[in-house]
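J.: One structure coming up, written as structure tokens, with questions to follow.
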Amino acid sequence: MSITFVLVHGGGMSSRYWDRLLAHLDHAAFAVDLPGRAGKDADLMTLTVEECVDSAVTDVRGAVADDIVLVGHSSGGLFVPGIGAALAPRVRHVVLDAATVPPEAGTGLDVMKESHRDRVIMGMESARRDGWVLQTPGPEPADKVREAYGGDPLPDDLIEWINDPVRCVRDSMNFYFQPVHWSSIAEVPTTYIKHLRDRPTPPALQDANIARLPTPPEVEEIDSGHIPAVTHPEQLATILDNIASRYA
């Protein structure tokens, strides 16, 4: 059976986040767009994990006939358990690229830095009370982006690439309030890719994510910031292809 990667982007991104990686993969890949981008309408104040999972599963079923290696980046990890459970037994392996792993039945809020979590909770309370939409900011000034992800400072051409509105989008914060159930895919072999110079999700937080998985994963390391699909695509592709080759 052939293997296709199903790639799940993180918050504030689209399927086009994976563009630089795709050229280096030896196996087929399908990058999903979650609701709220690529022409998919969504109410960003009420968007749920379940709605995102349902959208992704529908798209994958319509586009991918192969067995699957399911890859989630960053907050894309919130959707991996639901997608994996819905597509079982076709999902042969899960890869978590510095992905968010709440405790069983916990939420994305549970694994945020405390200061960030408090801002999100207060922001959501204010938005619901006053009738505005809490969302990620979309493209930001170059000086704010340059070192935001950790690793080496990003050059201007990569900042422009990241900030392109086809990739960098305004996104919901509501799904961080939704429960996630890792037990639903506890039997699926899993690899966690740890970013050694990640700023949004520092190594200590990644270690905590790893420890919360119901079954200990394999761990691979990349000496990168938060977005190796952009900054280290060849290295990330090698890790992914080596995993997929076990099942091809």
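The values are calculated or read from the model by the stated rules, or taken from the named source; none is laboratory data. Here the structure is a predicted model, which means the values were calculated and not measured. A quick note on method: Cβ atoms are made from the backbone with ideal geometry, for glycine too, and the neighbour counts reach across all protein chains shown.
J.: Considering only the stretch 153-204, state which residues are acidic (Asp, Glu), out of contact with any strand residue (DSSP E or B) (no Cβ under 7 Å at 6 or more places or on another chain) and under 21 Å from residue 19 (Cβ atoms).
T.: Scanning the stretch 153-204 gives 156, 157, 160, 164.
J.: Take the conditions under 30 Å from residue 132 (Cβ atoms), modelled with pLDDT under 95 and aliphatic (A, V, I, L, M) and apply them to residue 38. Does it pass?
T.: Yes: the conditions hold for residue 38.
The rows are residues; the columns are (1) small (Gly, Ala, Ser); (2) touching a Phe, Trp or Tyr at 6+ places or on another chain (Cβ under 7 Å).
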{"residue": "14", "(1), (2)": "yes, no"}
{"residue": "33", "(1), (2)": "no, no"}
{"residue": "50", "(1), (2)": "no, no"}
{"residue": "58", "(1), (2)": "no, no"}
{"residue": "66", "(1), (2)": "no, no"}
{"residue": "78", "(1), (2)": "no, yes"}
{"residue": "86", "(1), (2)": "yes, no"}
{"residue": "94", "(1), (2)": "no, no"}
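J.: Further question: What strands (runs of 3 or more DSSP E) completely inside the stretch 1-78 contain at least 1 residues that are of a type in the set (Gly, Ala, Ser) and farther than 21 Å from residue 102 by Cβ?
T.: By residue number, 28-31.
J.: Anything in the stretch 172-195 that is within 17 Å of the chain's Cα centre (by Cα) and surrounded by fewer than 17 Cβ atoms within 10 Å (Cβ to Cβ)? List them, or say none.
T.: Answer for the stretch 172-195, where residues must be within 17 Å of the chain's Cα centre (by Cα) and surrounded by fewer than 17 Cβ atoms within 10 Å (Cβ to Cβ): 177, 179, 181.
J.: Assuming residue 100 fulfils every condition listed in (1) among the β-branched types (Val, Ile, Thr); (2) surrounded by fewer than 17 Cβ atoms within 10 Å (Cβ to Cβ); (3) within 20 Å of the chain's Cα centre (by Cα) apart from one, which condition is it?
T.: All conditions are met except number (2).
J.: Hey, can you tell me all the residues within the stretch 138-171 that are touching a Cys at 6+ places or on another chain (Cβ under 9 Å) and exposed (fewer than 13 other Cβ atoms within 10 Å of the Cβ)?
T.: Of everything in the stretch 138-171, just one residue is touching a Cys at 6+ places or on another chain (Cβ under 9 Å) and exposed (fewer than 13 other Cβ atoms within 10 Å of the Cβ), namely 138.
J.: Hey, another quick one. Anything in the stretch 103-136 that is farther than 18 Å from residue 171 by Cβ and touching a residue at least 24 places away in the same chain (Cβ under 8 Å)? List them, or say none.
T.: Scanning the stretch 103-136 gives 103, 104, 105, 106, 113.
J.: Also, I was wondering about something else. Out of the stretch 33-56, which residues are within 19 Å of residue 136 (Cα to Cα), in contact with a Gly (Cβ under 9 Å, 6 or more places away or on another chain) and of a type in the set (A, V, I, L, M, F, W, C)?
T.: Scanning the stretch 33-56 gives 34, 42, 44, 47, 49, 52.
J.: Can you pull out the residues in the stretch 134-171 that are acidic (Asp, Glu) and more than 20 Å from the chain's Cα centre (by Cα)?
T.: Listed by number, the residues that qualify are 143, 152, 156, 157, 160.
J.: Still on this structure, please answer the following. Failed condition for residue 229, given (1) buried (at least 17 other Cβ atoms within 10 Å of the Cβ); (2) of a type outside the set (S, T, N, Q); (3) part of a helix (DSSP H, G or I); (4) out of contact with any strand residue (DSSP E or B) (no Cβ under 9 Å at 6 or more places or on another chain), with all others met?
T.: So the condition that residue 229 fails would be (4).
J.: Restricting attention to the stretch 41-73, which residues are crowded, with 16+ Cβ neighbours inside 10 Å, among the charged types (D, E, K, R) and within 22 Å of residue 132 (Cβ to Cβ)?
T.: 51
J.: Only one of these is of a type in the set (Ser, Thr, Tyr), at pLDDT below 95 and more than 12 Å from residue 32 (Cα to Cα): 115, 126, 74. Name it.
T.: None of the other options fit; the residue is 115.
J.: Condition (residue is of a type in the set (Gly, Ala, Ser) and in contact (Cβ under 8 Å) with a residue 40 or more places away in the chain) applied to the stretch 186-203: is it met by at least one residue?
T.: no
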